[in-house]
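Have a look at the structure below, then the notes.
The values are calculated or read from the model by the stated rules, or taken from the named source; none is laboratory data. Just so it is clear, the model here is predicted, and its values are computed rather than measured. Please note: Cβ atoms are built from the backbone with ideal geometry, for glycine as well, and neighbour counts cover all protein chains shown. Ligands, DNA and RNA are stripped out before the accessible areas are found, and what is left, the full protein with its side chains, is counted by its heavy atoms. Shrake-Rupley method; radii C 1.70, N 1.55, O 1.52, S 1.80 Å.
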Amino acid sequence: TQLLEQSPQFLSIQEGENLTVYCNSSSVFSSLQWYRQEPGEGPVLLVTVVTGGEVKKLKRLTFQFGDARKDSSLHITAAQPGDTGLYLCAGVGAGNNRKLIWGLGTSLAVNP
Amino acid sequence: KAGVTQTPRYLIKTRGQQVTLSCSPISGHRSVSWYQQTPGQGLQFLFEYFSETQRNKGNFPGRFSGRQFSNSRSEMNVSTLELGDSALYLCASSLDGPTRAGELFFGEGSRLTVL
């Protein structure tokens, strides 16, 4: 069974701090998606990483896919209160197993 | 374009009752998938419908069922409600579906509380 472990589970920081969220697995994924879910809303796709070692930037957010395509990280620079939410990673199985596997999420609170 | 619409947003039921939730996908999307979200279990896949056919199913009991209409709108039904069914039920539409690794567009969810 493919599993995706996200860490930390909870994170509370002050505005302006940097943070990194991790998404790890022992399985290889063909691609990995990151979503953010704000309170009372559904998840919204932030980025999809496909190639091992790939780095994508979305303003102050930097996403990296591990070289072996088993893990990914999300780094936020100078966090703002608007970054508060639940960050979810979802991996697409490799080969014929293309099911979407979800992590449990990292709940981030950025305090002003 | 209009997003994914889920109704109702909030509902309260008692044990033993049944509930029907509705989802209207983005125009042109033929795949609708349903998820149950709880704090302890995260997002759990219920099932996916594509062109009125159930294409994939998660590990939920038969009390959970769904269907999709010719206009791609989908409904899910939970019968004989249990306390543990209290959760946020999310609908996601996409061109290809979660089993094809397509980008998912989620609705705001239906918050079900079972008393």
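Determine, yes or no, whether residue A:30 is closer than 29 Å to residue B:87 by Cα, of a type outside the set (Lys, Arg) and either surrounded by 15 or more Cβ atoms within 10 Å (Cβ to Cβ) or within 14 Å of chain B (Cβ to nearest Cβ) (or both).
Working: closer than 29 Å to residue B:87 by Cα: no; of a type outside the set (Lys, Arg): yes; either surrounded by 15 or more Cβ atoms within 10 Å (Cβ to Cβ) or within 14 Å of chain B (Cβ to nearest Cβ) (or both): yes.
Taking the combined requirement at face value, the residue does not satisfy it.
Of all residues in the range A:66-81, how many are more than 14 Å from every other protein chain (Cβ to nearest Cβ) and either surrounded by 17 or more Cβ atoms within 10 Å (Cβ to Cβ) or touching a Ser or Thr at 6+ places or on another chain (Cβ under 7 Å) (or both)? Lay out the reasoning, then the answer.
We begin by selecting, within the range A:66-81, every residue more than 14 Å from every other protein chain (Cβ to nearest Cβ); these are A:66-68, A:70-81.
From what is left, the residues that are either surrounded by 17 or more Cβ atoms within 10 Å (Cβ to Cβ) or touching a Ser or Thr at 6+ places or on another chain (Cβ under 7 Å) (or both) are A:66, A:70-76, A:79.
Looking only at that region, the number is 9.
Would the range B:2-15 turn up any residue that is open to solvent by 10 Å² or more (accessible area, probe 1.4 Å), outside any strand (DSSP E or B) and touching a helix residue (DSSP H, G or I) at 6+ places or on another chain (Cβ under 8 Å)? Yes, the range B:2-15 has at least one match. Whether any residue in the range B:73-81 is within 28 Å of residue B:14 (Cα to Cα), surrounded by 19 or more Cβ atoms within 10 Å (Cβ to Cβ) and within 14 Å of chain A (Cβ to nearest Cβ) is what I want to check. Scanning the range B:73-81 turns up no residue that is within 28 Å of residue B:14 (Cα to Cα), surrounded by 19 or more Cβ atoms within 10 Å (Cβ to Cβ) and within 14 Å of chain A (Cβ to nearest Cβ).
Would a scan of the range A:5-17 turn up a residue that is among the acidic types (Asp, Glu), surrounded by 13 or more Cβ atoms within 10 Å (Cβ to Cβ), touching a residue at least 24 places away in the same chain (Cβ under 8 Å) and in a strand (DSSP E or B)?
Applying the first criterion (among the acidic types (Asp, Glu)) to the range A:5-17 yields A:5, A:15, A:17.
Next, only the ones that are surrounded by 13 or more Cβ atoms within 10 Å (Cβ to Cβ) stay: A:5, A:15, A:17.
Then drop every residue that is not touching a residue at least 24 places away in the same chain (Cβ under 8 Å), which leaves A:5, A:15, A:17.
So of that shortlist, the ones also in a strand (DSSP E or B) come out as A:5.
Yes; the residues of the range A:5-17 include at least one that is among the acidic types (Asp, Glu), surrounded by 13 or more Cβ atoms within 10 Å (Cβ to Cβ), touching a residue at least 24 places away in the same chain (Cβ under 8 Å) and in a strand (DSSP E or B).
Residues in the range A:33-59 that are open to solvent by less than 70 Å² (accessible area, probe 1.4 Å) and over 30 Å from residue B:8 (Cβ atoms) were compared, and the one that is nearest to the other protein chains (Cβ to nearest Cβ) is A:48. Taking the range A:82-112 only, how many residues are surrounded by fewer than 21 Cβ atoms within 10 Å (Cβ to Cβ) and outside any strand (DSSP E or B)? Total satisfying the criteria: 11.
When the residues of the range B:82-107 are narrowed to those that are among the small types (Gly, Ala, Ser) and in a strand (DSSP E or B), which ends up farthest from the other protein chains (Cβ to nearest Cβ)? So the residue we want is B:87. Against the conditions (1) surrounded by fewer than 20 Cβ atoms within 10 Å (Cβ to Cβ); (2) closer than 22 Å to residue A:41 by Cβ, residue B:20 satisfies every one except (2). Hey, does the range B:30-53 have a residue that's more than 14 Å from chain A (Cβ to nearest Cβ), open to solvent by 60 Å² or more (accessible area, probe 1.4 Å) and free of Cβ contacts under 8 Å to residues at least 24 places away in the same chain? Checking the range B:30-53: at least one residue is more than 14 Å from chain A (Cβ to nearest Cβ), open to solvent by 60 Å² or more (accessible area, probe 1.4 Å) and free of Cβ contacts under 8 Å to residues at least 24 places away in the same chain.
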